Amino acid sequence: MINIYLKRKISPRVPNGHPWIFNNEVEKIEGDVAGGEVAEVFTHDKKFVGRGYVNPKSQIIVRLLTRDKSTAINEKFFLDKLSDCWAYRNRIGYTENCRLVFGEADGLPQLIIDKFNDYFVIQTLALGIDVWKPAIVNALNTIFKPKGIYERNDVPVRELEGLPQQKGFLSDPFNTQITIHENGLKFHVDIENGQKTGYFLDQQDNRKAIRHIVKDAEVLGAFTYTGTFEIHAAHYGAKSVLGLDISANAVQQANRNAALNNVQDTCRFETANAFDLLKQWSKEGNRYDVVMLDPPAFTKSRETIQKAITGYKEINLRGMKLIRPGGFLVTSSCTSLVNPELFLQVIDMAAKDARRKIRQVTFQTQSGDHPVIWSMDNTQYLKFLIVQVL
Ligand code: SAH
């Protein structure tokens with residue numbers, strides 16, 4: 001039994017619903033803590049706060065799993081939580097593919113589960129959740145009877161928790177190249193070697209948002225990965241689509257996806273550094289009706305946030321210069337430290353430098369299967385903006 005007592009003065013974060021407790025907020029620990037156990041947390045005057053998992057090696061010593069005194073943390077807890085997560089996704093309209101569990105936003109800190117029809121990809125990013133992997137797998141088997149479960153724990157952040165990077169099957173082995181459906185299209189997903197969990201589900205609703213503006217358009221997409229936005233553009237009636245990605249493997253997958261959807265005559269993909277090409281082409285006078293940008297996160301730390309801002313400004317400025325008057329810029333940012341207001345400021349600066357007027361068509365965030373919790377800043381991380389460039 002481990003009991004943890006908080007200091008009298010702690011930030012309002014914990015009372016306001018955030019599940020993280022930092023080392024320097026703890027007054028006293030009763031019991032032996034090795035790491036990975038479930039502890040009971042109390043205020044300085046012994047009022048029950050909740051139950052959570054501990055890791056003394058991490059700056060975040062506790063992550064709360066429940067604030068309900070009668071809820072035990074056991075196999076049933078995970079079965080109930082995963083059932084709730086699935087009921088919620090169904091309720092808001094996600095059936096085939098979705099992020100089934102989005103960590104803190106679902107009350108399961110550091111657990112990510114993506115559902116790709118009958119297949120599941122799991123990430124357990126902290127020690128205290130990693131030890132429950134068998135219970136989580138059992139819960140998935142009970143609720144879904146999946147065709148396969150795969151672990152994509154090949155992520156550096158695990159090392160901060162003293163965990164190894166690893167990937168592999170959590171079910172009988174299966175063919176990890178699967179096909180999913182999205183907005184009436186089909187996409188190959190490489191569960192084993194694709195980026196992150198294999199596919200970016202967070203843009204699934206945003207991909208639909210381009211359907212009117214790409215009609216009859218010449219479209220350029222940069223940071224295309226497996227070509228999802230570009231193939232949507234072709235499907236929605238673009239005249240021609242060119243997609244760029246620095247990864248030859250991504251480009252190969254994008255070409256396969258174009259063929260899978262029968263748009264290989266409209267959609268072309270090239271391996272290239274988008275920073276270089278956008279700059280070169282804007283100088284050479286190439287022009288497009290629609291430019292789409294979806295770069296990877298530019299920073300994860302506050303110290304290098306300026307680098308991220310410079311990066312966003314650069315690609316958006318170049319992107320706008322490439323757009324014919326009246327065309328559209330479709331631009332995203334998944335850097336959680338760049339909040340929505342800051343992102344819009346950067347786009348505004350880019351427009352001023354490009355000497356172009358812009359008008360906002362839509363400003364969105366990640367799809368609803370990645371819930372945003374208002375008291376947790378980093379749950380709203382994706383910015384998706386469409387502007388007309390006049
Ligand atoms: N739009 C995609 C996701 C893009 S992820 C989707 O919806 O699925 C970001 C992509 O940017 C990755 O595939 C990565 O290989 C690519 N990338 C990173 N740096 C790049 C660069 N300098 N030039 C071009 N592509 C780059």
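Axis of helix 248-260 versus longest Cα principal axis of the chain: the two differ by about 70°, to the nearest ten degrees. A 1.4 Å probe over all protein chains sorts Trp374, Trp281 by accessible area into Trp374, Trp281, starting with the largest. Taking all protein chains as they are arranged and a probe of 1.4 Å, the heavy atoms of Ile149 leave approximately 0 Å² accessible to solvent. Estimated purely from DSSP H runs of n ≥ 4, each contributing -39500 (n - 2.57), the mean residue ellipticity at 222 nm for the chain is -8000 deg cm²/dmol once divided by its residues. Of the residues Lys215, Lys283, Lys313, the one that moves most in a GNM of the chain with alpha-carbon contacts below 10 Å is Lys283.
Taking 7 Å steps out from each Cα toward its Cβ at His212 and Gln280 produces label points 3.7 nm apart. Partners of Lys47 within straight-line reach, counting aspartates and glutamates whose Cα lies under 16 Å from its Cα and excluding those fewer than 8 residues away in the same chain: Glu25, Glu27, Glu30, Asp68. Helix 340-353 and the longest principal axis of the Cα set of the chain meet at an angle near 20°. The angle between the Cα long axis of helix 305-321 and the main principal axis of the chain comes to about 20°, on a 0 to 90 degree scale.
Two decimals is fine: what is log10 I(q)/I(0) at q = 0.10, 0.17, 0.18, 0.23 Å⁻¹ for segment 304-390, from a Debye sum with one equal scatterer on every Cα and no solvent? Once normalised to I(0) and log-transformed, intensities are -0.25, -0.68, -0.75, -1.10.
Of Lys46/Lys76; Lys208/Lys313; Lys215/Lys352; Lys186/Lys208, which sit over 18 Å apart, Cα to Cα?
Those over the limit are Lys46/Lys76; Lys208/Lys313; Lys215/Lys352.
Arg256 contributes about 100 Å² of solvent-accessible surface, heavy atoms of the protein only, 1.4 Å probe. The listed residues Lys47, Lys145, Lys279, once ranked by accessible area (1.4 Å probe) with the largest placed first, stand as Lys145, Lys47, Lys279. Rolled with a 1.4 Å probe across the full set of protein chains, the surface gives Asp377 an accessible area near 130 Å².
With semi-axes defined as the square roots of five times the eigenvalues of the C-alpha gyration tensor, the equivalent ellipsoid of segment 200-389 measures 24, 20, 16 Å, largest first. For the chain, the relative contact order comes to 11 percent (Cα pairs under 8 Å, sequence separation of at least 6). Measuring between their Cα centroids, segment 29-75 and segment 97-133 lie 20 Å from each other.
Computed log10 I(q)/I(0) for segment 75-175 at 0.20 Å⁻¹: -1.01, from the Debye equation with unit scatterers placed on every C-alpha and solvent omitted.
Compactness of the chain, taken as the C-alpha radius of gyration over 2.2 N^0.38 Å, stands at 1.06.
Ordering Asn153, Gly319, Gly221 by Cα displacement along the dipole of the chain toward the positive end leaves Gly319 in first place; charges were set at the Cβ atoms of Lys, Arg (+1) and Asp, Glu (-1).
Accessible surface of the chain, 1.4 Å probe: 50 percent of it comes from carbon and sulfur atoms.
The values are calculated or read from the model by the stated rules, or taken from the named source; none is laboratory data. These numbers were taken from a predicted model, which means no experiment stands behind them. As a convention, Cβ positions derive from the backbone with ideal geometry for all residues, glycine included, and neighbour counts pool all protein chains shown. When the accessible area is computed, the model is the full protein with side chains, heavy atoms only, and any ligands, DNA or RNA have been set aside. Shrake-Rupley method; radii C 1.70, N 1.55, O 1.52, S 1.80 Å.
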